[in-house]
Every structure is written in C-alpha cells, then in structure tokens.
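Data first, discussion second: the structure below is written as structure tokens.
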Amino acid sequence: MSSIDTTVIHAGYKPGNSEPRALPIYQSTTFHYSSVDEVAGLFDLSAEGHMYSRISNPTCAYVEEKIAAMEGGVGAILTTSGQMATLISVLNLCSAGDHLVSSAAIYGGTVNLLSFTLKRFGIDATFVSPRASVDEIRAAVQPNTKLVFGETVANPALAVLDIEAFATAAHAEGLPLIIDNTFPTPVFCRPIEWGADIVVHSTTKYMDGHATFVGGVVVDSGNFDWAAHPDKFRDLVEPDESYHGVVYTRDFGRAAYITKARCQLVRDLGVCPPAVHAFALNQSLESLPLRVRRHSQNAQRVAEWLEQRPEIESVNYPGLASSPDHDLAQKYLPDGICGVISFVMKGGRDQAAKLLDSLKLASIEVHVADSRTCVLHPASSTHRQLTDEQLVACGVEPGMVRFSCGLEEADDIIADLEQAFAAIA
Ligand code: PLP
C-alpha cells in the first residue's frame, strides 16, 4: 500500500478522459438500464452496478473504496451515523438469543446500544476490562457468543485497547474482533494489521473533522474464516432465502461479511447516507493525515502543560509518560494518538463546570474532533444516563473534563486555559 497521505488523495474515484477531476455527486435515487436482463443481473448479484440509492450510490461507493484502502480492508459500507455503523457491524452477526463480549472502555453511546437497546432485541453483552488478559476475555465467552468488540482509544476514558490480546482471545474462541477506530483514524492505527476483523468508525469525528456531517463506516478486513465455524455463522455459510439462495462465503469469498451486510441490512434498514454527505466526507479525508497530526501534536503540548498546573488533579493522555496506557500507545500508536485529552479538576464537579463557563476560545460542544477546540463535562452530558458503577467502568469521574484540541496554534489554546484558571481561582 502507498503512504496513507497518498491513499487519502487517490484511492476511490479515478476519472476517465474528460470526466470530472473531482468526485461527482450522483444526486439520483435511481439508475438507468436498457434491458431487463441487465437489471436481473443486478438482483442476482452477478452484475456490478447500482439500482437504488437506499442500497448503494456511486458517490458513496467511491468513498467506501477509499476508506477500505485506508484501513487495509476488502470493502466498506458508509452509514448515516457512527451508531449505525456499530449497529450494522453487530447485527450482521448477532440475532435474538446471541451474545457478545465487549471492552468496558467504549463510547457511552455504544454502551447504551450494547447494554440496553440490543438487549430489547434479545442480544446480550458482557463487558470486560480493556486491560483484560487473553484468559479473562476467553472466560467471558459463552456458547452463543458471536463477536468480541473494543475501541482502539476509548471516548472519553482514552484507555488504549490491547488489540492483539483481544484478537488472540477472539480467534481462539472462533470469533471475529470488531474495533471502533474512530479516535486514532487509520492514519495512526490500522487495527486490521493487529488482528481485527471488522473496523467501524464514526466518520462524524476526525474523518469529517469540521463538525458538519454525521456519518459512519464499516470496513471488512476479509480475513475472518466464517466457513471454518459454520455452526456459529449460519447466515454467512447457508443460502440466504431473502436473496435468491445466495451463499455469501461461497459466492463472495473474502467479501462475504460486507456483501451480506449490504444485501440484508443496508437493503432492509435504509442506512446509505446521501451522496452529498459522501462527497463532503471525501473532501475532508483528503486532508485527514495533515489534520490529525496537528490535533495530536496540540494535545500532547496541552497535556504536558496541564500536568504542571496546580488546579489539576490528573491528566489523562496516553502520550504522557505518566499515563498507565503509555506502553500500549507506544506499541499501537507510535506516530500520534488523537486530539482529545481528559483531565480531572481539583474541586470536582463544580470546578469543572466553572472552568467550562470561563473558557473563551474553546467552546462547549457535544462533540470532539472539531477543527475548533471544544470542551465537555461528560458526567453531566454524554454520560449522564450511566450509573456511578458504569461511569467508573468507563473511567469517567465527576470532575473530569473532556478537552478536544482543535487545529489552532497550541499556544493560543494554552493561553485560553490559563485565563480560565485565573478567572476561577
Ligand atoms: N464511536 C465513537 C468512538 C464515538 O466517539 C462516537 C460519537 O461520539 C460514536 C461511535 C457514534 O458516532 P455518531 O455520533 O456518528 O453516531
């Protein structure tokens, strides 16, 4: 693979003679065919092409191709949100009566999805520490377990997952590993290279990077051998009656998982984003490596500065030598981590709230990964639905501040924090 800096520019859309240089927006719900046989070929999955934009669209397809190349996968599906990407990745393997094992250090919205919403549909989850040993992860597996899930760098706990340990445990149990790689992006970590089988993203974060479009993506590595475990993954190895008896592993080989996801779930649930969203995402992806390096460098500077401040109880950023995850960060994220840091204010919940109200450059946003520095108090916002027990499991303390360093000059971000500390002293 060429450098990721080149892949983000050139993978996907390649114009022919006299075609637009920039990726066109195919703003059309449907597509033209001149014979019945050609359309029949699409429905039989024997011909490639697009039939209806609920299922696929050329603009989206080019961006899917680009992101698959960035992650080193065989195919991808864009979705309307990161939540939808996670949901699709799980529902493609789990039905009512099934179970999954997940790292406890994951995004709060994913905790909700896995522990409440999916439970209503008969899918159970067991959570393990992101630092769990291979044996501990394996011990959480049940006869009905269908997958293992984790987040490379957890939002907002910033715990770094030991991807290799999770992959080893999953594979020893005949299960695939799904990794949410939203925070590092494939610029800093490609989980497939460490054994992950499926990668999901909230593209709303760094991939978009400008706080403009909500979206997600599921990437299939093509590496998991579904046919080796036919009892677990019947839907992949037995004929799909909803699609003319297609057998995904037999007919699509390494692209079995991603093809099944599109044929069944994208078709039935309607999760394909609008073409214009994919166009905007493509534009943002072209600058992703440049942007995330700056975000990460800013975060490192701000974290080191905060660590020296008397107002602060602790700073959490895996790039700091003091971080318990520094060793894992050096292994999995040697070139950068992300722009998000978290810190705990002395004085707890009240001081954290005062600090947020005193910042001028950094704005309070229910978001991270914006080009503009933004800040949030998780215990009273994104994580307010979690019990104290779940908060602790996610690594969220009442006085914790989530601080997402933007693309501004690091000195200006630090000056803003300095004036806010002075204002609340
Ligand atoms: N995964 C992570 C790590 C996230 O931070 C988020 C949102 O913050 C999501 C998934 C959900 O993505 P979206 O908000 O695009 O649905």
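Return the only residue of Val302, Val246, Val315 being among the aliphatic types (A, V, I, L, M) and within 23 Å of Thr79 (Cβ to Cβ).
Exactly one of Val302, Val246, Val315 is among the aliphatic types (A, V, I, L, M) and within 23 Å of Thr79 (Cβ to Cβ), namely Val246.
Here is a yes/no grid of residues against (1) closer than 27 Å to Ala321 by Cβ; (2) at pLDDT 95 or above; (3) in contact with a Pro (Cβ under 9 Å, 6 or more places away or on another chain):
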site: Val134; (1), (2), (3): yes, yes, no
site: Ala139; (1), (2), (3): no, yes, no
site: Gln142; (1), (2), (3): no, yes, no
site: Val148; (1), (2), (3): no, yes, yes
site: Val153; (1), (2), (3): yes, yes, yes
site: Leu158; (1), (2), (3): yes, no, yes
site: Glu164; (1), (2), (3): yes, yes, no
site: Ala170; (1), (2), (3): no, yes, yes
site: Leu175; (1), (2), (3): no, yes, no
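A search for C-beta distances below 6 Å between a residue of region 72-87 that is in contact (Cβ under 8 Å) with a residue 40 or more places away in the chain and any residue that is polar (S, T, N, Q) and more than 7 Å from the ligand (Cβ to nearest atom), counting only pairs 6+ apart in sequence or on different chains, returns Gly73/Ser221; Ala85/Thr79. Across region 283-294, a minimum of one residue is classified as of a type in the set (S, T, N, Q), out of contact with any helix residue (DSSP H, G or I) (no Cβ under 9 Å at 6 or more places or on another chain) and in a helix (DSSP H, G or I). Each residue in region 16-57 was checked for being in a helix (DSSP H, G or I), touching a residue at least 40 places away in the same chain (Cβ under 8 Å) and crowded, with 16+ Cβ neighbours inside 10 Å, and 0 pass.
Could we say that Thr212 is surrounded by fewer than 23 Cβ atoms within 10 Å (Cβ to Cβ) and either within 16 Å of the ligand (Cβ to nearest atom) or under 22 Å from Gly73 (Cβ atoms) (or both) here? Can you show your working first?
Details: surrounded by fewer than 23 Cβ atoms within 10 Å (Cβ to Cβ): yes; either within 16 Å of the ligand (Cβ to nearest atom) or under 22 Å from Gly73 (Cβ atoms) (or both): yes.
When the stated conditions are applied, Thr212 passes them.
Taken over region 311-352, the criterion of being of a type in the set (Lys, Arg) and farther than 11 Å from Val401 by Cβ is satisfied by Lys331, Lys346.
Please go through region 101-124 and pick out each residue that is within 16 Å of the ligand (Cβ to nearest atom) and not polar (S, T, N, Q). Even if it seems obvious, please write down each step before you answer.
Initial filter on region 101-124 (within 16 Å of the ligand (Cβ to nearest atom)): 102-118.
Across region 101-124, the qualifying residues are Ala104, Ala105, Ile106, Tyr107, Gly108, Gly109, Val111, Leu113, Leu114, Phe116, Leu118.
Out of Ala321, Ala415, one residue alone is among the small types (Gly, Ala, Ser) and either assigned to a helix (DSSP H, G or I) or touching a residue at least 12 places away in the same chain (Cβ under 8 Å) (or both). It is Ala415.
Comparison of Ala96, Ala104 shows that the only residue that is surrounded by fewer than 17 Cβ atoms within 10 Å (Cβ to Cβ) and among the hydrophobic types (A, V, I, L, M, F, W, C) is Ala96. Within region 1-15, restricting attention to residues that are within 16 Å of Glu64 (Cβ to Cβ) and β-branched (Val, Ile, Thr), the residue that is surrounded by the fewest Cβ atoms within 10 Å (Cβ to Cβ) is Thr7. Could you say whether any residue in region 219-229 is of a type in the set (S, T, N, Q), touching a residue at least 24 places away in the same chain (Cβ under 8 Å), more than 24 Å from Glu173 (Cβ to Cβ) and crowded, with 21+ Cβ neighbours inside 10 Å? For region 219-229, residues of a type in the set (S, T, N, Q), touching a residue at least 24 places away in the same chain (Cβ under 8 Å), more than 24 Å from Glu173 (Cβ to Cβ) and crowded, with 21+ Cβ neighbours inside 10 Å: absent.
As for region 198-205, it holds at least one residue that is small (Gly, Ala, Ser), outside any helix (DSSP H, G or I) and within 16 Å of the ligand (Cβ to nearest atom). Go through the residues of region 338-353 one by one and say whether even a single one is assigned to a loop (DSSP other than H, G, I, E, B) and either under 19 Å from Lys205 (Cα atoms) or hydrophobic (A, V, I, L, M, F, W, C) (or both). Yes. For region 78-99, residues that are in a loop (DSSP other than H, G, I, E, B) and more than 15 Å from the ligand (Cβ to nearest atom) total 7. Condition check for Ser242 on (1) in a helix (DSSP H, G or I); (2) touching a residue at least 40 places away in the same chain (Cβ under 8 Å); (3) among the small types (Gly, Ala, Ser): one failure, at (2).
The values are calculated or read from the model by the stated rules, or taken from the named source; none is laboratory data. The structure presented is a predicted model; accordingly, all values stated were derived computationally and were not measured. As a convention, Cβ positions derive from the backbone with ideal geometry for all residues, glycine included, and neighbour counts pool all protein chains shown.
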